Amino acid sequence: MISYYALIGAVEQGFVYGIMVLGVYLTFRILDFPDLTVDGSLPLGAAISAVAITHGINPFLSLFLAMGGGFLAGVVTGILNTKLKILHLLASILTMISLYSINIRIMSGPNVSLLGAKTVLDPLIELGFPGYLAAPILFGVLATFLTVIIILFLYTEIGQAMLATGDNPKMVISQGVNTDNIIILGVGLSNGLVALSGGLIAQNQGAADVNMGVGTIVAGLASVIVGETILGDKSIPQACFAVLIGSIVYRLAIALALGLKIGSFSFAPSDLNLITAILVVLALIAPKLKKKF
Amino acid sequence: MIILKNISKYFNKGSVNQVLALNNINLQIKKGDFITVIGSNGAGKSTLLNCLAGSFLPSHGQILFNQQDITNWPEYKRAKFVGRVFQDPLLGTCASMSIEQNMALALRRGKTRTLALGVTSKDRVIFKELLAKLGLSLENRLADKVGLLSGGQRQALTMLMATMVRPEILLLDEHTAALDPKTAQHILRLTEEIVNEQHLTTLMVTHNMHQAIQLGNRLIMLHRGEVIFDIHGEEKYKLTVQELLSRFYELRGEEFSSDKMLLI
């Protein structure tokens, strides 16, 4: 099975990527907007945060900058889709591809190292928490806090309009809601969360890399689907916590798979995307298969 | 007062599939008018309603609302004074949201949405009162998802939602056509009640000639995107189906018999 440290590591990853998963949940489930921008906005957040820190900006503040950058990236996708009438998938791919170039510009290269730099984990470590516990605790508190914030948001007037926009745009327009603005806001918020997640990941692993976002959307979808399947999505609070826990379950499953040995065969970390994609396909067709048999 | 001036609407303009859905429509809708709109398939009834609601903009012409030119206003902006009920009972409500959440969306029609609570306890009092009037026992099911309701219940709810904030004009697009006869009758009675109670200016598209004659103070018939018949007041009350048909042949002298509308 897996060691205690691997378990802690998976929980830590689950929480920090869980913030990204919440973002994917907002677009994919609430707005019914498959948003591939996240593959670019995760490294964007990492790049902004890392560059800001190496320029002497407070690591906490750097995360706000990262969120702002992610929000803007989402807004661009939203505008491409609503105002310029580009298909949502294509709009998000265009932003994602542009972000590859932009991220390299921001970092003046393909990566930035944060070795020895100050991070948001320092205060916890100074308080006496061991390094391997500081990250899961901080990420856990933050992810839970953000989940609560999102749940509260979805019960506000704007949040309700967002839910309705994903469900029945024709109805919500006839109730006087500008769905274009709601979509732009929603995709922006989602990518703000994803970029925050990226910033935290960079600080945690000590580097930002332009390729760290590859497969983000697939991992996000897998976590959303796994969470909803295991814990249900009957109400908004249930669904939001389900996808956060889905993220942890997903990372645990990955850790298990990576530790697996069948004869001389074992999975390499580069097999992750394939495994995840297959997992998502299975999860997506499962309801249809159930009906057939 | 709503004035349509020389409204034309082309679909697929410039292509081989070009259709002239509305042809130079001139219409004055007076405050308090309850207009029933009839016409064969493709006559332009729904296009007329959609033009008023702003679902698309007319190719030519002008729409004046109380002397204000709203021709280029997008649909969500016009929603401030337009209440709508669609033919499909599923279109007027959000299935995944609760009854009270749907009603709260409607209660804030025309207002800027904020980060205030989506459904307040004050709202619930209003909703219970309104739902009790329907007689469908929905007042005890505020937290139930709308997806659990029947088509008739959803259409009744949509009727309430469209008129909760008093609309300057109520647009009903064959809103009973997808229901069974008994439920349709119920929704129709509800429509009459609400319209009379609030003195709403109403435009109701229907395929049913009896309905068109029974309800409202004015009747217009559309054919190939034109108003071919506009009758109101005393004359409208005396109108019979036979008369309506003969008037139609008189005006057009065209073959019309194959049409569904004549099956009544």
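Readers should treat all values here as calculations from the given coordinates under stated rules, not as data from a laboratory. Computed from a predicted structure; not experimentally measured. Neighbour counts run over all protein chains shown; Cβ positions are idealised from the backbone, glycine included.
Using Cβ point charges alone (K and R +1, D and E -1), the dipole size of region A:4-213 about the Cα centre works out to roughly 320 debye.
Evaluate the charge dipole of the protein assembly as shown about its Cα centre and quote only its size in Debye, nearest 20, assuming +1 on the Cβ of each Lys and Arg and -1 on the Cβ of each Asp and Glu. Could you put the intermediate results ahead of the total?
Numbers: 44 positive and 38 negative charges, 59 e Å.
Computed charge dipole of the protein assembly as shown: roughly 280 debye.
Quick one: B:R189, B:R78, fewest Cβ neighbours within 10 Å first, how do they rank? Please list the in-between numbers first.
Working: B:R189 10, B:R78 23.
Neighbour counts put them in this order, fewest first: B:R189, B:R78.
Residue pairs exceeding 23 angstrom between C-alpha atoms, taken from B:K5/B:K238; B:K5/B:K31; A:K83/B:K77; A:K85/B:K77; B:K122/B:K182; B:K133/B:K182: B:K5/B:K238; B:K122/B:K182.
Helix-derived [θ] at 222 nm for chain A: sum -39500 (n - 2.57) over DSSP H runs of at least 4, divide by residue count, nearest 500? Working shown, then result.
Numbers: 12 runs with 217 residues, N = 293.
-25000 deg cm²/dmol, from helical runs alone.
Ordering B:T36, B:T120 by the number of other Cβ atoms within 10 Å of each residue's own Cβ, fewest first, gives B:T120, B:T36. For peptide B:90-98, compute the average count of partner chain beta-carbon atoms within 10 Å of each residue's beta-carbon. Mean shielding count: 5. Taking label points 7 Å from Cα along the Cα-to-Cβ direction, A:S113 and B:S246 give a separation of 9.8 nm.
The alpha carbon centroids of region A:100-134 and region B:12-45 are separated by 63 Å. For region A:1-61, the gyration tensor built on C-alpha atoms gives an oblate shape. Its axis ratio a/c (a ≥ b ≥ c) is at least 1.5, and a/b is not larger than b/c. If you run the Gaussian network model on chain B, springs between alpha carbon atoms under 10 Å, then out of B:S15, B:S96, B:S246 the most flexible one is B:S15.
Rank these for me by crowding, A:H88, B:H199, going from fewest to most other beta carbons within 10 Å. Intermediate results must be reported in sequence, preceding the final value.
On the way: A:H88 21, B:H199 11.
Least to most surrounded, the residues fall as B:H199, A:H88.
In chain B, the calculated helix contribution to ellipticity at 222 nm averages -10000 deg cm²/dmol per residue, counting -39,500 (n - 2.57) for every DSSP H run with n ≥ 4.
Averaged across the residues of A:156-165, what count of C-beta atoms belonging to other chains lies within 10 Å of each residue's C-beta?
Numbers: counts 6, 13, 6, 4, 11, 4, 1, 6, 8, 1.
Mean partner-chain Cβ count within 10 Å for A:156-165: 6.
Here the spin labels are modelled as points 7 Å beyond Cα on the Cα-Cβ line, and at B:L20 and B:H210 they lie 3.7 nm apart.
Determine the dipole magnitude for region B:2-263: charges of +1 sit on the beta-carbon of Lys and Arg, -1 on that of Asp and Glu, nothing else is charged, the reference point is the Cα centre, and the result goes in debye to the nearest 20. Kindly include the intermediate steps, with their values, before the conclusion.
On the way: 31 positive and 25 negative charges, 184 e Å.
About 880 debye.
The separation of region A:224-255 from region B:146-176, counted between C-alpha centres, amounts to 36 Å. At q = 0.07, 0.11, 0.13, 0.17 Å⁻¹, what log₁₀ I(q)/I(0) does a Debye calculation on the Cα points of chain B give, no solvent, two decimals? At q = 0.07, 0.11, 0.13, 0.17 Å⁻¹ the computed log10 ratios are -0.26, -0.63, -0.88, -1.37.
Comparing A:A222, A:A277, A:A202 in a Gaussian network model of chain A where C-alpha atoms under 10 Å apart are linked, the largest mean-square fluctuation is found at A:A277. The overall shape of region A:64-192, judged from the alpha-carbon gyration tensor, is oblate: a/c is not under 1.5, and a/b is no greater than b/c. Across peptide B:111-117, the mean count of Cβ atoms from other chains lying within 10 Å of each residue's own Cβ comes to 5. Among residues other than A:L124 with Cβ under 14 Å from its Cβ, the summed charge is -2 (Lys and Arg +1, Asp and Glu -1). In region B:2-263, taking the dipole from charged Cβ atoms about the Cα centre, the farthest positive-side position among B:Y237, B:V227, B:L157 is held by B:L157.
What does the charge count around A:A47 come to, taking other residues whose C-beta lies under 14 Å from its C-beta (Lys +1, Arg +1, Asp -1, Glu -1)?
On the way: positive: A:R105; negative: A:D39, A:D209.
Charge balance near A:A47 sits at -1.
Taking B:Q101, B:Q68, B:Q214 in turn, the Gaussian network model of chain B (Cα-Cα springs below 10 Å) assigns the largest fluctuation to B:Q68.
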